[in-house]
Amino acid sequence: MTQMDLQAIEAIKQLKHKYMRCVDQKRWDELEQLLTEDATCAYSGGKYAFEGRKAIMEFLSGSMSRNSFISCHRVTQPEITLTSETTATGIWALEDMVIDTEHEFTLHGAAFYEDEYVRIDDAWKIRSTGYERTFEEIRSRKDVPGLTLTQNAWANE
């Protein structure tokens, strides 16, 4: 593996980590710049599938922008394969948690992301992303005695 290959793999790792951070921090303008214009996604095994950056961003921002929606997405174990000088694929282990204070539930799950990347003007972008769940569980927050959310970055002060 060459130094350029290692640099490309590191750039792709940073791209995916930034994507996850932007999702959790609701930084939609930053996240939009990480996707190609013709990007596609298939979340939850295709349950939520969209074509085009605009459609993906409308889904993400529309479903996750509420102050009552708090998320935590962590990706690990990257398996990145460079398929050419300007294309690559990646598989990532995902563990996520969503707390929805409006609907009073907590979701915990795991999955494996499968991505396609393309380098455009010396910057790596996500051309396709999606995951297949290995498990997902939802718990009513009302059913857990003493459960108290003590901080929420999105709560109206």
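The values are calculated or read from the model by the stated rules, or taken from the named source; none is laboratory data. If you're wondering where the values come from, they're calculated on a predicted model, not measured in any experiment. Using ideal geometry, Cβ is built from the backbone for each residue, glycine included, and neighbour counts are taken over all protein chains shown.
Does Glu114 satisfy the criteria of being modelled with pLDDT of 95 or more, of a type in the set (D, E, K, R), out of contact with any Leu (no Cβ under 6 Å at 6 or more places or on another chain) and not in a helix (DSSP H, G or I)? Judged against the criteria, Glu114 is a match. Scanning region 19-50 for residues that are loosely packed, with under 14 Cβ neighbours inside 10 Å and within 15 Å of Tyr131 (Cβ to Cβ) yields Gly45, Gly46, Lys47. Looking across region 1-40, the residues that are in contact (Cβ under 8 Å) with a residue 40 or more places away in the chain and among the basic types (Lys, Arg) come down to Lys13, Lys16, Lys26. Answer yes or no as to whether Asp100 is of a type in the set (D, E, K, R) and in contact with a His (Cβ under 8 Å, 6 or more places away or on another chain). Spelling it out, it is not the case that Asp100 is of a type in the set (D, E, K, R) and in contact with a His (Cβ under 8 Å, 6 or more places away or on another chain). Among residues of region 98-124 being under 22 Å from Gly45 (Cβ atoms), touching a Ser or Thr at 6+ places or on another chain (Cβ under 7 Å) and acidic (Asp, Glu), the one that is surrounded by the most Cβ atoms within 10 Å (Cβ to Cβ) is Asp115. One residue is enough: does region 43-50 have a residue meeting the conditions in contact with a helix residue (DSSP H, G or I) (Cβ under 6 Å, 6 or more places away or on another chain) and among the aromatic types (Phe, Trp, Tyr)? Looking for residues that are in contact with a helix residue (DSSP H, G or I) (Cβ under 6 Å, 6 or more places away or on another chain) and among the aromatic types (Phe, Trp, Tyr), one finds at least one in region 43-50, hence yes. Of all the listed residues (Glu79, Glu114, Glu95, Glu104), the sole one being farther than 21 Å from Glu132 by Cα and of a type in the set (Asp, Glu) is Glu104. Annotation note: of Glu102, Glu132, the sole residue that is more than 20 Å from Lys54 (Cα to Cα), of a type in the set (D, E, K, R) and either part of a helix (DSSP H, G or I) or within 18 Å of the chain's Cα centre (by Cα) (or both) is Glu132.
For region 124-157, the set of residues classified as in contact (Cβ under 8 Å) with a residue 40 or more places away in the chain and hydrophobic (A, V, I, L, M, F, W, C) consists of Trp124, Ile126, Leu149, Ala153, Trp154, Ala155, listed by residue number.
Within region 67-96, residues that are modelled with pLDDT under 95 have Cβ atoms under 7 Å from residues that are among the hydroxyl-bearing types (Ser, Thr, Tyr) and surrounded by 14 or more Cβ atoms within 10 Å (Cβ to Cβ) in these pairs: Ser68/Thr101, counting only partners at least 6 apart in sequence or on another chain.
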